[in-house]
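Before any comments, here is the structure.
Any read-out appearing in this document is the output of simple, stated calculations on the displayed coordinates, not a laboratory observation. This structure is a prediction, so every number in the text was calculated from the model and none was measured. Cβ placement follows ideal geometry from the backbone for every residue including glycine, while neighbour counts extend to all protein chains displayed.
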Amino acid sequence: MSEPRLYRYDTHVHTSEGSKCAKSSGREVAEAYHARGYDGIIITDHFFNGNSTVPRDLPWRERVELFTAGYRAAKEYGDKVGMQVFFAWEDSSEGNDFLTYGLDENWLADHPFIDRLPLVDYLKYIRAEGGTIVHAHPFRQDYYIPMIRLLPDRVDAVEILNGHRKDEENRRAKWYADSYGLPWTAGSDNHDVMNGFAETGVLLDERLNGTAHYARLVLERKIRGCFPHLEGCS
């Protein structure tokens with residue numbers, strides 16, 4: 001008997017429309033993932049308090065429209081070829097990043113104050129609204145990051161495999177998740193699909209119907225595996 005089909009998703013992807021540090025447009029991103037046979041991707045561009053392309057002096061809804069342009073371009077192509085594309089975002093605080101799943105672009109447009117919330121208040125509010133917070137690459141170090149901040153009681157899960165972080169950073173992230181009994185996720189953090197594409201993501205037993213669905217699978221620890229394989233990702 002053949003093995004059951006597993007669905008392949010990348011849960012952490014950037015586009016040049018929304019993320020200033022990204023090199024590939026939403027259309028280019030979707031084309032690249034479709035060519036590699038992915039079932040779906042989640043666009044997680046840098047939010048307004050991070051490395052965003054969106055000017056901060058525009059009206060809120062105009063900012064949201066610009067922010068979601070990469071997602072919409074990727075989804076338009078994905079819809080044509082049968083690849084799923086979902087929306088999320090990556091909130092930032094002094095170089096510490098938190099992937100926000102389960103709330104859509106309409107919710108974002110209706111909440112014009114959340115980019116001004118202090119980090120702990122933001123995490124508390126998002127979770128109260130039904131969103132799910134994943135601590136992305138928690139042990140990343142760089143010149144612009146003043147300190148590593150771990151908030152195990154304020155997040156729902158930890159990204160233990162990031163395609164663009166060092167192995168030792170990913171091992172520490174897994175230690176963090178295991179130490180506090182937090183569920184795990186995996187994603188590429190791709191910014192440039194033409195150069196340095198990282199084949200990283202999660203394997204699922206079922207197709208997603210949105211990021212709230214994905215978040216539920218994470219919280220219920222129903223992620224089947226990750227790729228490339230990391231011990232403990234199953």
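Select from region 163-204 the residues that are surrounded by fewer than 15 Cβ atoms within 10 Å (Cβ to Cβ) and touching a residue at least 60 places away in the same chain (Cβ under 8 Å) and write down the one among them that is farthest from residue 41 (Cα to Cα).
Per the stated criteria, the residue is 195.
Of all residues in region 51-61 being assigned to a loop (DSSP other than H, G, I, E, B) and surrounded by fewer than 20 Cβ atoms within 10 Å (Cβ to Cβ), which is nearest to the chain's Cα centre (by Cα)?
Restricting to residues being assigned to a loop (DSSP other than H, G, I, E, B) and surrounded by fewer than 20 Cβ atoms within 10 Å (Cβ to Cβ), the top hit is 51.
Just checking, which of 186, 173 is under 13 Å from the mean Cα position of the chain (by Cα), among the aliphatic types (A, V, I, L, M) and under 20 Å from residue 13 (Cβ atoms)?
Being under 13 Å from the mean Cα position of the chain (by Cα), among the aliphatic types (A, V, I, L, M) and under 20 Å from residue 13 (Cβ atoms) holds for just one of 186, 173, which is 186.
Every residue, every condition in (1) buried (at least 21 other Cβ atoms within 10 Å of the Cβ); (2) in contact with a Leu (Cβ under 7 Å, 6 or more places away or on another chain); (3) in contact (Cβ under 8 Å) with a residue 60 or more places away in the chain; (4) assigned to a helix (DSSP H, G or I), yes or no:
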| residue | (1), (2), (3), (4) |
| --- | --- |
| 138 | yes, yes, no, no |
| 143 | no, no, no, no |
| 154 | no, yes, no, no |
| 161 | yes, yes, yes, no |
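Any idea which of (1) surrounded by fewer than 19 Cβ atoms within 10 Å (Cβ to Cβ); (2) not basic (Lys, Arg); (3) not in a loop (DSSP other than H, G, I, E, B) is the one residue 150 doesn't satisfy?
The single condition residue 150 does not satisfy is (3).
Quick one: in region 16-30, which of the residues that are in contact (Cβ under 8 Å) with a residue 60 or more places away in the chain and not in a loop (DSSP other than H, G, I, E, B) is farthest from residue 205 (Cα to Cα)?
19
Looking at (1) under 25 Å from residue 132 (Cα atoms); (2) crowded, with 21+ Cβ neighbours inside 10 Å, find the lone condition where residue 24 falls short.
Going through the list (1) under 25 Å from residue 132 (Cα atoms); (2) crowded, with 21+ Cβ neighbours inside 10 Å, residue 24 breaks only (1).
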